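Participant: Before anything else, here's the structure in question.
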Amino acid sequence: MSAIAVSYTVDGAADAPVVVLSNSLGATRGMWDPQVPALAERFRVVTYDTRGHGESPAPAGPYTLDDLVDDVVALMDEVGAERAHFAGLSLGGMTGMRLAAREPARVHRLALLCTSAKADPQGFRERAAAARSAGTASLASTVVSRWLTPAYAAAHPGLVARLEAMIAAADDEGYAACAEVVADLDLRGDLGHITAPTLVVSGAEDPALPPDHQRLIAEGIPGAELLTVSPGAHLPNLEQPLQVTGALLGHFDAAGAAR
């Protein structure tokens with residue numbers, strides 16, 4: 001399958017180093033709203049909706065992880081970024097690992113949040129089947145219950161409602177095809193080939209992809225740094241925005257003025 005033109009937004013100065021932010025399964029680029037303003041003060045921030053999500057097309061599946069990487073490469077070409085920093089959460093992090101291993105010249109520094117090199121295939125196959133049979137809305141409350149810790153969710157009902165609506169709006173087949181990408185992937189062999197300086201972020205209370213998944217990644221990528229956020233579930237960038245945004249800024253800033 002050839003790359004598709006994904007829907008994207010650019011914030012920040014046109015001549016600044018580029019940061020690409022990649023969403024989790026079921027989310028849209030709106031999940032990065034807490035991070036964009038601070039990042040855009042120093043970087044040209046490109047947020048996009050993964051195929052099958054948000055405003056991006058949902059071509060017929062099946063998809064492969066390399067299809068998702070091809071979409072990012074085409075997006076970077078579209079915005080004129082020969083090289084970029086990349087941050088991805090969950091499915092976005094999987095895309096980032098494969099991008100960095102396959103296209104090392106395109107990735108400057110890498111941030112991988114709450115992601116996995118090999119997830120539980122059965123759980124994601126069941127999720128794909130549920131999206132096809134009952135629609136993504138049927139998954140919304142269960143999925144969002146993994147995104148935030150129970151205490152934070154209880155204190156922020158408006159955010160919970162917005163996230164559930166985000167999942168319910170995902171294309172049923174697009175979501176299912178992306179869930180099958182997660183079910184099929186095994187990136188353990190790619191980790192040692194990643195040369196981009198890498199920050200791995202783990203949510204201590206993440207029930208979706210618990211910290212062991214991130215430890216394996218940090219141990220497999222040469223020189224990777226591991227940061228554990230607590231309290232934090234699967235989307236700690238929403239629950240701990242100052243800590244996560246600060247970590248991303250520090251990691252990408254360490255590149256200095258290099259492009």
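Derivation of every value follows stated rules applied to the coordinates shown; laboratory data play no part. Small disclaimer: the values here were computed from a predicted structure and weren't measured. No Cβ is skipped: glycine too gets one built from the backbone with ideal geometry, and neighbour counts run over all protein chains shown.
Participant: If you compute semi-axes √(5λ) of the Cα gyration tensor in Å for the structure shown, which of [x] 29, 25, 17; [y] 25, 20, 18; [z] 55, 16, 13 do you land on?
Facilitator: Structure-derived value, by its label: [y].
Participant: I would also like to ask the following. Would you please give the residues with an amide H less than 5 Å from that of residue 227, counting only those at least 5 places away or on a separate chain, with H modeled from the backbone geometry?
Facilitator: 200, 201, 202
Participant: Expressed as a whole number of Å, what is the distance separating the alpha-carbon centroids of the stretch 38-99 and the stretch 214-234?
Facilitator: 21 Å
Participant: Report the extension gain between residue 2 and residue 129 in nm, rounded to one decimal, defined as 0.36 nm multiplied by the number of residues separating them, less their alpha carbon distance.
Facilitator: On the way: separation 127, 0.36 × 127 = 45.72 nm, distance 2.49 nm.
Stretched fully, the residue 2-residue 129 segment lengthens by 43.2 nm.
Participant: Another question about this same structure. Can you work out ³J(HN,Hα) from phi for every residue in the stretch 239-251, in order, using Karplus 6.51 cos²θ - 1.76 cosθ + 1.60 and θ = phi - 60°, giving whole Hz and x for Gly and Pro?
Facilitator: 7, 10, x, 5, 5, 5, 4, x, 5, 5, 4, x, 5
Participant: Let me ask something additional. Taking 0.36 nm per residue of sequence separation and subtracting the Cα-Cα distance, how much length would be gained by fully extending the chain between residue 14 and residue 120, in nm to one decimal? Intermediate results must be reported in sequence, preceding the final value.
Facilitator: Details: separation 106, 0.36 × 106 = 38.16 nm, distance 4.05 nm.
Roughly 34.1 nm would be gained on extension.
Participant: While we're on this one: Out of residues 5 or more away from residue 20 or on other chains, whose amide H comes under 5 Å of its own, with H placed 1.01 Å from N in the peptide plane?
Facilitator: Excluding prolines and chain starts, which carry no amide H, the hits are 46, 85, 86, 87.
Participant: Can you tell me the relative contact order of the chain? Whole percent, Cα pairs under 8 Å, sequence separation 6 or more. Each step should come with its number before you reach the end.
Facilitator: Details: 559 pairs, mean separation 56.1, N = 259.
Across the chain, relative contact order equals 22 percent.
Participant: What are the ³J(HN,Hα) values, in whole Hz, obtained from phi via the Karplus relation 6.51 cos²θ - 1.76 cosθ + 1.60 with θ = phi - 60°, for each residue of the stretch 156-163 in sequence order, with x given for Gly and Pro?
Facilitator: Those phi angles translate into 10, x, x, 5, 4, 4, 5, 5 Hz.
Participant: Name the long-range amide H neighbours of residue 118: under 5 Å, sequence gap of 5 or more, or other chain; modelled H, no Pro or chain starts.
Facilitator: Excluding prolines and chain starts, which carry no amide H, the hits are 187.
Participant: Another question, then. Under 14 Å from the 7 Å Cα→Cβ point of residue 195, by amide nitrogen: which residues of the stretch 58-87?
Facilitator: none
Participant: Given the rule -39500 (n - 2.57) for each run of at least 4 DSSP H residues, summed and divided by the residues of the chain, what is its mean residue ellipticity at 222 nm, to the nearest 500 deg cm²/dmol? Don't skip to the answer; put the middle values down first.
Facilitator: On the way: 11 runs with 111 residues, N = 259.
Value at 222 nm, helices only, nearest 500: -12500 deg cm²/dmol.
Participant: Let me know the charge dipole size of the stretch 112-219 about its Cα centre in debye, to the nearest 20, where only the beta-carbon of Lys, Arg (+1) and Asp, Glu (-1) is charged.
Facilitator: Details: 8 positive and 14 negative charges, 37 e Å.
It works out to roughly 180 debye.
Participant: Compute the length gained on full extension between residue 225 and residue 66: take 0.36 nm times their separation in residues and subtract their Cα-Cα distance, giving the result in nm to one decimal.
Facilitator: On the way: separation 159, 0.36 × 159 = 57.24 nm, distance 2.53 nm.
Stretched out fully, the residue 225 to residue 66 stretch lengthens by 54.7 nm.
Participant: With the contact rule set at Cα under 8 Å and sequence spacing of 6 or more, what percent relative contact order holds for the stretch 179-225? Please list the in-between numbers first.
Facilitator: Values: 37 pairs, mean separation 20.9, N = 47.
Relative CO of the stretch 179-225 lands at 45 percent.
Participant: Let me have the relative contact order for the stretch 29-106, percent, based on Cα pairs under 8 Å that are six or more residues apart. All intermediate terms of the calculation are to be shown ahead of the outcome.
Facilitator: On the way: 41 pairs, mean separation 16.0, N = 78.
Relative contact order, the stretch 29-106: 21 percent.
Participant: Still on this structure, please answer the following. Karplus couplings for the stretch 173-187 from phi (6.51 cos²θ - 1.76 cosθ + 1.60, θ = phi - 60°), rounded to Hz, Gly and Pro as x?
Facilitator: Per residue, the Karplus-derived 3J(HN,Hα) values read 6, x, 4, 4, 5, 6, 4, 6, 4, 5, 4, 8, 7, 8, 9 Hz.
Participant: For the chain, with only Lys/Arg (+1) and Asp/Glu (-1) charged at the beta-carbon, what is the dipole magnitude about the Cα centre, in debye rounded to 20? Intermediate results must be reported in sequence, preceding the final value.
Facilitator: On the way: 18 positive and 31 negative charges, 66 e Å.
Charge dipole, the chain, about its Cα centre: 320 debye, nearest 20.
Participant: For the stretch 1-141, give the share of DSSP beta bridges that are antiparallel, in percent and rounded to the nearest 5; count only bridges with both residues there.
Facilitator: Numbers: 4 of 18 bridges.
Bridges in the stretch 1-141 are about 20 percent antiparallel.
Participant: Hey, for a label at residue 138 modelled as a point 7 Å past Cα toward Cβ, could you say which residues of the stretch 160-183 have their backbone N under 17 Å away?
Facilitator: Under 17 Å, as judged by backbone N against the label point of residue 138, lie 167-180 of the stretch 160-183.
Participant: Something else: Run through the DSSP bridge list for the chain and note the antiparallel percent, rounded to the nearest 5. Numbers along the way, then the final one.
Facilitator: Numbers: 4 of 27 bridges.
Percentage antiparallel, nearest 5: 15.
Participant: Mind giving me the nanometre distance, one decimal, between the label points for residue 204 and residue 156, set 7 Å out from Cα along Cα→Cβ?
Facilitator: About 1.8 nm separates the two model spin labels.
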